[in-house]
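The values are calculated or read from the model by the stated rules, or taken from the named source; none is laboratory data. Because the structure is a prediction, the values reported are computed rather than measured. Ideal geometry is used to build each Cβ from the backbone, glycine not excepted, and the neighbour counts take in all protein chains shown.
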Amino acid sequence: MKEIWIYAEVREDRVNEVAYELLTRALDLKGKLEDSIISAVLMGRNIPDADKQELIKRGADRVYYVDNPLLKDFVVEPYSKVLIELINRYKPEIIIAPATTQGRTLMPYTAVRLQTGLTADCTGLDIDEAGNLLQTRPAIGGNVMATIRTSTRPQMATVRPHSTRPAPIDESREGEVIEVDVSLTEEDAPVKKLEYLKDKTQVVTVQDADIVVSGGRGIGRADNFKIVYRLAELLGGAVGASRDVVDRGWITYPHQVGLSGKTVNPKVYIALGISGSIQHLAGMQTSETIIAINKDPDAQIFRVSDLGIVGDLHEVVPVLIERLEALKNEI
Ligand SMILES: Cc1cc2nc3c(=O)[nH]c(=O)nc-3n(C[C@H](O)[C@H](O)[C@H](O)COP(=O)(O)OP(=O)(O)OC[C@H]3O[C@@H](n4cnc5c(N)ncnc54)[C@H](O)[C@@H]3O)c2cc1C
């Protein structure tokens with residue numbers, strides 16, 4: 001039996017949603033890898049049972065759970081020690097983790113100690129005919145997509161958060177939670193977390209927002225971004241952008257959506273004056289509903305849009321803002 005592992009990241013003592021995205025990937029791999037099962041590796045302190053069950057209902061056949069006071073907060077040394085011990089004990093074939101700060105810290109640290117290969121920041125995973133993991137990621141500044149095979153075991157990869165949707169809950173699914181005892185001493189945790197300070201400069205980031213309103217070159221000039229901000233504010237969303245306008249200095253890099261920017265999958269993505277280049281689509285095409293306003297009826301963005309408005313955004317957006325402001329005043 002080959003085990004496909006996902007690293008179920010924990011934040012503030014709860015399983016982070018990104019773990020359920022990894023289960024979508026793992027379910028796909030399981031369908032292609034004969035005789036395989038999915039296991040989730042969960043570490044922390046007093047993680048609610050409901051979260052372990054949710055991992056099962058969303059696709060895990062097993063949950064390896066390690067509970068220890070020294071695992072209360074993510075610190076790479078004890079986390080890696082536990083992960084290595086589990087790997088040596090259960091010998092998984094594949095391990096995928098999110099390309100978040102945790103995943104990007106834990107996986108390289110662990111891969112070096114195990115002397116095994118790791119592909120970081122994958123956007124695609126597949127299985128070849130021989131049962132090897134195919135790991136696809138942008139390379140050479142995003143100009144090519146490279147597919148990588150690892151000759152060592154386990155095969156390890158981190159996957160871009162928001163590059164797929166979370167696996168849905170299936171109430172009928174069953175699995176087992178295996179509590180594993182791994183001994184840890186204070187010496188295994190030389191670094192202590194004292195405090196966590198949230199960045200308060202950005203109210204909602206593009207990756208966290210349910211609604212993203214993005215502007216592209218069609219906005220015309222930096223000053224016109226104020227209509228993008230106003231529309232986002234009225235909808236309670238965040239402001240995104242194409243790389244073109246970031247390169248022009250109309251807006252800063254953290255707003256950039258796409259291959260060399262952020263990957264987002266909000267409930268609603270509104271593209272204003274964005275042509276829909278392949279690099280932009282790579283960062284937003286999994287959004288639930290895509291709305292585009294573009295004056296060119298042949299713009300690529302309309303190919304992925306659920307709702308398209310062919311028109312001048314400088315005429316359409318002010319009307320939208322006016323209507324939304326009127327609605328807000330009525331409430
Ligand atoms: C390695 C690499 C990585 C890249 N990474 C990214 C990335 O992460 N994100 C990204 O976005 N791009 C990325 N790009 C750049 C990408 O190829 C495009 O150049 C870029 O996305 C174009 O941005 P745009 O759609 O704003 O501009 P354009 O392609 O110029 O499109 C502007 C659109 O606005 C429309 N328009 C103009 N005026 C109006 C108006 N008044 N009303 C309505 N519509 C109007 C036009 O019809 C047009 O469709 C990358 C490129 C490379 C080579």
Q) Residues of the stretch 153-184 being loosely packed, with under 15 Cβ neighbours inside 10 Å and either outside any loop (DSSP other than H, G, I, E, B) or not assigned by TED's automatic domain parsing to the domain that holds Leu27 (or both), which ones? A) Glu176, Ile178, Glu179
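Filtering the stretch 119-152 down to residues that are closer than 21 Å to Val10 by Cα and away from the ligand (no atom under 16 Å from the Cβ), which residue is surrounded by the most Cβ atoms within 10 Å (Cβ to Cβ)? Break it down stepwise before answering.
Pass one, the stretch 119-152, residues closer than 21 Å to Val10 by Cα: 120-122.
With the extra rule that they be away from the ligand (no atom under 16 Å from the Cβ), the set shrinks to 120, 122.
On the way: Ala120: 18, Cys122: 23.
Out of the qualifying residues, it is Cys122.
For (1) assigned to a loop (DSSP other than H, G, I, E, B); (2) in contact with a strand residue (DSSP E or B) (Cβ under 6 Å, 6 or more places away or on another chain), each residue gets a yes or a no:
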residue	(1), (2)
Pro266	yes, yes
Gly276	yes, no
His280	no, no
Met284	yes, yes
Ile290	no, yes
Asp298	yes, no
Glu315	no, no
Pro318	no, no
Glu322	no, no
(Q) Just to be sure I understand, how many residues within the stretch 262-278 are within 6 Å of the ligand (Cβ to nearest atom) and touching a Ser or Thr at 6+ places or on another chain (Cβ under 7 Å)? (A) 1
Q: Just give me the residues in the stretch 106-140 being free of Cβ contacts under 8 Å to residues at least 40 places away in the same chain and of a type in the set (Ser, Thr, Tyr), in sequence order.
A: Tyr109, Thr119, Thr136
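Which of the residues belonging to the stretch 228-261 are within 7 Å of the ligand (Cβ to nearest atom), of a type in the set (Val, Ile, Thr) and either out of contact with any Lys or Arg (no Cβ under 7 Å at 6 or more places or on another chain) or farther than 15 Å from Leu272 by Cα (or both)? Spell out the reasoning first.
Kept after step one, since they are within 7 Å of the ligand (Cβ to nearest atom), are these residues of the stretch 228-261: 242-245, 256-261.
Remaining after also requiring of a type in the set (Val, Ile, Thr): 245, 257.
Correct list: Val257 only.
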Q: Out of the residues in the stretch 295-331 that are more than 8 Å from the ligand (Cβ to nearest atom) and in contact (Cβ under 8 Å) with a residue 60 or more places away in the chain, state the one that is surrounded by the most Cβ atoms within 10 Å (Cβ to Cβ).
A: Val317
Q | Leading residue by the ranking (nearest to Lys267 (Cα to Cα)) among those in the stretch 285-294 that are modelled with pLDDT under 95 and surrounded by 13 or more Cβ atoms within 10 Å (Cβ to Cβ) | A | Ser287
Q: Would you please list the contacts, defined by Cβ atoms under 8 Å and residues six or more apart or on different chains, that run from a residue in the stretch 72-98 that is more than 15 Å from Tyr7 (Cβ to Cβ) and at pLDDT 95 or above to a residue that is assigned to a helix (DSSP H, G or I) and not hydroxyl-bearing (Ser, Thr, Tyr)?
A: Glu77/Asp188
Q. Could you give every pair whose Cβ atoms fall below 8 Å, whose first residue belongs to the stretch 141-165 and is charged (D, E, K, R), and whose second residue is within 16 Å of the ligand (Cβ to nearest atom) and not in a strand (DSSP E or B), counting only separations of at least 6 or pairs across chains?
A. Arg160/Ala99; Arg160/Thr123; Arg160/Thr263; Arg165/Asn265; Arg165/Thr286
Q: Can you give me the number of residues within the stretch 265-292 that are in contact (Cβ under 8 Å) with a residue 40 or more places away in the chain and among the hydrophobic types (A, V, I, L, M, F, W, C)?
A: 7
